[in-house]
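These notes concern the structure reproduced below.
The values are calculated or read from the model by the stated rules, or taken from the named source; none is laboratory data. The shown structure was predicted, so the numbers you read here are calculated from the model rather than taken from an experiment. Note: ideal-geometry Cβ built from the backbone for every residue, glycine included; neighbour counts use all protein chains shown. Surface accessibility is based on the protein's heavy atoms, side chains included, excluding ligands, DNA and RNA. Shrake-Rupley method; radii C 1.70, N 1.55, O 1.52, S 1.80 Å.
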Amino acid sequence: MIGTVERAHARIDLAAIAQNVRRVVEVAGAAQVMAVVKADAYGHGAIACGRTAIRAGATALAVHTVAEAEQLRSHGLTVPMLVMGPLIGPEWARAAAAGVETVAWTPEGVLAATAAGVVGVHLELDSGMGRLGAQPADVAALVEAATGAAANVVGIMTHFATADDRDGEQAGFFREQLVRFRAAAATLQATYPGARIHAANSAATFRDPRAGFDMVRCGIALYGCSPFHEDPSALGLVPAMSVVSYIAMVKTIRSRDSVGYGRTWRAQRGTQVGLVPVGYADGYARALGNNAEVLVNGRRVPVIGAVSMDQLTVDLGPEGTETVGTPVVLLGAQGPERITAEELAERRRTINYEITCGIGQRVPRVHLG
Ligand SMILES: *Cc1c(COP(=O)(O)O)cnc(C)c1O
């Protein structure tokens, strides 16, 4: 059982992350693995996760912003690094100074990167995502600009819109994007023989080895969450994050007493209510009120009433033996039970990504392993 010595903390199991990285390396086959550690490694801590990923076999890191890259650099992570998001103004010079690669999808972007002295540019093609990336009609102008500016093109990339949809309505679109990109990338690689081709996120990496090309860009799988929103053990992945708090108050209430804002829950019988000092400010969403369970002493107990900003309440039952100080697991395993990010995501009608990214800054990360 996981104990706690403070209000709440997120325990990050780095051994699990290392195991997940090795699993992705195995699935990726000949393709290299770029570990995506944007958004503080999906809430898991970018520095510790970046280091762990490199030690476990990833060969590069990816982030969204220049500031994220600078943070990693300032902690001694000198490996190849890609900033996948758009840059503006002085960010170009900062990217160059940090020695990180950037993405370009317009002639202006290629010129800005080259003028600033960015170490390497990845040309991004929009094969159907409809977000960043050059559309097919604009690729020729992009290449012309890159050649004219003598840009150091080190990558040719795209991003899939529906890789996670294996058998639903959009399942075919993944293959369509793959076919479009494969043709375009082959043409570009004739111009830039040294550039690495990459397209796959976690879902594409597990779904289709043909999407691997020279490198895969994996995030969610490294953290032990399923890109297909199912039980991660089905892919051989181990969840890395647990969120642990404790019972700060126990009180006996009578039948028909209500608990919390709006009186959204009333006791059907006399029972014991436990208070957990964690709320939506910590990323435990208000939508989980009357709609989730937590683990105490290895058993599931329901979250009752509204989740407040800083507190939530659980029904320990009339026979509950918990006292002040009993650990409470909001996410993760305790004894034989486990609450996964996928479970919380389903209850909140969102995806597992938003669960781990959403754990608030007020919850300290404790890295173990
Ligand atoms: C976030 C991101 C990834 C990683 O996606 P996962 O589904 O977490 O593996 C890959 N590529 C790009 C461009 C991204 O923005």
So with the 1.4 Å probe, I'd like the accessible area per residue for segment 14-227, rounded to whole Å².
39 Å²
Starting from the eigenvalues of the Cα gyration tensor, five times each then square-rooted, give me the equivalent ellipsoid semi-axes of the chain, largest first, whole Å.
45, 20, 18
Against the longest alpha carbon principal axis of the chain, how many degrees, from 0 to 90 and to the nearest 10, is the axis of helix 46-55 turned?
60 degrees
Leading residue at positive end of dipole, the chain (Cβ point charges), from GLY317, PHE173, HIS229:
GLY317
Compute the acute angle (0 to 90°) between the alpha-carbon long axis of helix 107-116 and the principal axis of greatest extent of the alpha-carbon atoms of the chain; round to the nearest 10°.
90 degrees
Neighbourhood net charge (11 Å Cβ-Cβ; Lys/Arg +1, Asp/Glu -1) for PHE228
-4
Carbon + sulfur, % of accessible area of segment 241-339 - ligands and nucleic acids excluded, 1.4 Å:
48 percent
